[in-house]
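Laboratory data are not the source of any read-out in this text; all were calculated from the coordinates shown. Predicted model only: the values in this text are computed from it and were never measured. Cβ sites come from the backbone with ideal geometry, for glycine too, and all protein chains shown count toward neighbours.
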Amino acid sequence: MSRLSALIAQASAGLSVQQSISDEKWVAIAQQCGDEEVAEIRDRIDALKAELLTVEDWDGDTQDEIHLAIAHFTRMLKLASDSV
């Protein structure tokens, strides 16, 4: 497991499947990111964008979830890049 995955897993520990990681925890994760994590965030954003292209037009729920993930990682990338 990568350090970024471990940080995300730690932030989501104890949350139910209906709950999401708070904005404060996303900021805390970003503040702990170094160059390797920033590169992984970029890779994850690229992978999510590629996955979005494969989702059927009728599957709006999946599209929404992917867009939300992209937004979280994009925000985290900006925060992490500012602190590196």
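Let a ≥ b ≥ c be the square roots of the eigenvalues of the Cα gyration tensor of the chain; is it rounded (a/c under 1.5), or, if not, prolate (a/b larger than b/c) or oblate? In terms of gyration-tensor shape, oblate.
Per residue of the chain, what 222 nm ellipticity follows from adding -39500 (n - 2.57) for every DSSP H run with n ≥ 4, rounded to the nearest 500? Estimated from H runs of four or more residues: -25000 deg cm²/dmol. Derived scalar couplings between HN and Hα for region 39-47 equal 5, 5, 4, 4, 4, 5, 4, 4, 5 Hz in order, rounded to whole Hz, by the Karplus curve 6.51 cos²θ - 1.76 cosθ + 1.60 (θ = phi - 60°), x for Gly and Pro.
DSSP loop (so not H, G, I, E, B), at most 12 other Cβ within 10 Å: list which chymotrypsin sites (Phe, Trp or Tyr not before Pro) in region 8-78 pass both filters. Don't skip to the end; give the middle numbers.
Values: sites: 26, 58, 73; in loops: 58.
In loop regions of region 8-78 (DSSP not H, G, I, E or B), the sparsely surrounded chymotrypsin sites (Phe, Trp or Tyr not before Pro) are 58.
The GluC sites (Glu not before Pro) found in region 14-58 that occupy coil by DSSP, while having at most 15 further C-beta atoms within 10 Å, are 56. Relative to the longest principal axis of the Cα atoms of the chain, the long axis of helix 60-83 makes an angle of roughly 20 degrees.
Counting alpha carbon pairs within less than 8 Å and at least 6 residues apart, what relative contact order, in whole percent, applies to the chain? Please list the in-between numbers first.
Details: 53 pairs, mean separation 32.1, N = 84.
Averaging sequence separation for qualifying contacts and normalising by length gives 38 percent for the chain.
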